[in-house]
Amino acid sequence: MSINPERFLKSLHDLRQFGASGVGKGVVRPAFSDDDIAARNWLADQMRAAGLTAHFDPVGNLFGLADGPSILLGSHSDSQPEGGWLDGALGVMAALEVARASDVPVSVVSFQDEEGRFGVTTGSAIWSGNLPLDQADGLKDHAGVPFAEARARMADLAGDFVHPSRFTGYVEMHIEQGPTLDTDGEQIGVVTEIVGIRDMKITFDGQQNHAGTTPMHLRRDAFQALSAFNAELEERFRNVVTPRTVWTIGHVSLHPNASSIVPGRVTFSMQWRDGDPDRLNRMEEIVRATAGDIASAKGMEVSFGPLLGLEPVAMDTKLQSVLAASAEQVAPNKWRKMPSGALHDATNVAQLMPVAMLFVPSIGGISHAFEEDTDEADLVAGVQVLFGAVNALF
Ligand code: HGY
Ligand code: MN
Ligand code: MN
Ligand code: MN
């Protein structure tokens, strides 16, 4: 019994055709887009062909269920607005290959909206209870579309939520999305813990006005407020953060976004991540205070959207040991234990059952970009480690 590398790689490339960006191997397959829904229907067919029962839940999570108690493997098949072909897709297709190749009971999952069009790992957060469904339904994407409206697109496919008690554990394979393994020439990372995150939208309201006639000292310019906020935040974070703490303003919506208008309003995403929940909370206080002080100084209003977040979580030690033993067999001396700075569905699933993760290298450490890639030999080694670990569990 062993995995079939050609079959696995072909399936991975087949999935890439849904939402292929035309730039390198990149994909554009955000949650609930036409391409995402088409990919999920194709995946459901692949699950059926592997002898699994395909099942969509009310929020678009797709399960391929084995009969009776089983181990759950998978990840997500939605992408960032500009995404790589492996982020999420790898874990789903690796899971399917292990299910095809194994005699032991393996179920497969592709969670919905891991990439946070609406929230933070939305589909698995709802399934795990980390995000109440009624709260999720009110969350909006950057274009103002509510989650409730998006998931209604898949309502004709939806059954009930799957009861987690049918699964004995969850293992997610993923690309590292950072430079560590690639730099050190290692093939496998066994994940020890996943960082926590906080994410919220912030709005500064000033006064829209004429860009030629409004004297500088009379302006209440929303872009200037954001600019000052960004600089001041770095100052105030300085004594609180560590070299592994990160924060990002990744989406900015400036109104009305015209060359000759002093912008009256800006809404932007503010996200920060760290392994220490106390630090995440301290950073929230600093974010709110800094935004408030900037607004007062500039005669503007500030408002905050809902704070979304996930706590840091540790991976199950027994599952880690099984993955480590399998890694040592497949890639002797070419694996390491390491934390994850990216988020994963595993964070949510850890509320329900023991979870573990393994990483393969990202070439140049690049991800959330069309250039994202991994050597085929590393992709295959990762599936072999997953297969070995799963079969060692039974
Ligand atoms: O942003 C993340 O860490 C994840 O890839 N959504
Ligand atoms: Mn991912
Ligand atoms: Mn991602
Ligand atoms: Mn004019």
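The values are calculated or read from the model by the stated rules, or taken from the named source; none is laboratory data. Computed from a prediction, not measured in an experiment: that's the story for all the values here. Positions of Cβ are generated from backbone atoms using ideal geometry, with glycine treated the same way; all protein chains shown enter the neighbour counts.
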Of everything in the range 200-237 that's surrounded by 13 or more Cβ atoms within 10 Å (Cβ to Cβ) and charged (D, E, K, R), which residue is nearest to ligand 2 (Cβ to nearest atom)? K201
Report, by residue number, each residue of the range 11-39 that is out of contact with any helix residue (DSSP H, G or I) (no Cβ under 8 Å at 6 or more places or on another chain) and either closer than 24 Å to E376 by Cα or among the hydroxyl-bearing types (S, T, Y) (or both). H13, Q17, A20, S21, G22, V23, G24, G26, S33
Filter pass, A38 being without any contact (Cβ under 8 Å) to a residue 12 or more places away in the chain and not charged (D, E, K, R): no
Regarding the range 189-201, can at least one residue be identified that is in a helix (DSSP H, G or I) and either in contact with a Phe, Trp or Tyr (Cβ under 9 Å, 6 or more places away or on another chain) or basic (K, R) (or both)? no
Do we find that R220 is outside the structural domain of K140 (by the TED database), within 30 Å of H344 (Cα to Cα) and basic (K, R) in this structure? no
Note down all Cβ pairs under 8 Å where the first residue falls in the range 152-173 and is closer than 16 Å to M357 by Cβ, the second is hydroxyl-bearing (S, T, Y), and they're at least six residues apart or on different chains. F167/S70; F167/S107; E172/S75; M173/S75
When you scan the range 281-394 for helices (runs of 4 or more DSSP H) that lie fully inside it, which ones turn up with 2 or more residues that are farther than 23 Å from T121 by Cβ, modelled with pLDDT of 95 or more and away from ligand 2 (no atom under 16 Å from the Cβ)? 317-330, 376-392
Candidate set: the range 215-250, residues that are over 30 Å from G275 (Cα atoms) and in contact with an Asp or Glu (Cβ under 9 Å, 6 or more places away or on another chain); chosen: the one nearest to ligand 3 (Cβ to nearest atom): A222
Hey, can you tell me all the residues within the range 69-92 that are near ligand 3 (Cβ under 10 Å from one of its atoms), polar (S, T, N, Q) and surrounded by 24 or more Cβ atoms within 10 Å (Cβ to Cβ)? S75, S79
Given (1) in a loop (DSSP other than H, G, I, E, B); (2) of a type in the set (A, V, I, L, M, F, W, C); (3) crowded, with 17+ Cβ neighbours inside 10 Å, where does V240 come up short, assuming only one miss? (3)
Residue identified as touching a residue at least 24 places away in the same chain (Cβ under 8 Å), within 15 Å of ligand 2 (Cβ to nearest atom) and touching a strand residue (DSSP E or B) at 6+ places or on another chain (Cβ under 7 Å) among L43, L96, L73: L73
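Yes/no per residue for (1) over 20 Å from A295 (Cα atoms); (2) at pLDDT 95 or above; (3) in contact with a Leu (Cβ under 6 Å, 6 or more places away or on another chain):
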position	(1), (2), (3)
T242	yes, yes, no
T245	yes, yes, no
I249	no, yes, no
S259	yes, yes, no
R265	no, yes, no
D274	yes, yes, yes
Flagged pairs (Cβ under 9 angstrom, 6 or more apart or on separate chains; first in the range 203-223, within 27 Å of V287 (Cβ to Cβ) and within 16 Å of ligand 4 (Cβ to nearest atom); second modelled with pLDDT of 95 or more and of a type in the set (A, V, I, L, M)) are Q208/A222; Q208/I261; Q208/V262
Count of residues meeting criterion [surrounded by 22 or more Cβ atoms within 10 Å (Cβ to Cβ) and either of a type in the set (F, W, Y) or more than 18 Å from the chain's Cα centre (by Cα) (or both)] in the range 347-373: 1
Selection over the range 112-143 where residues are more than 16 Å from ligand 2 (Cβ to nearest atom) and not in a helix (DSSP H, G or I) yields a count of 9
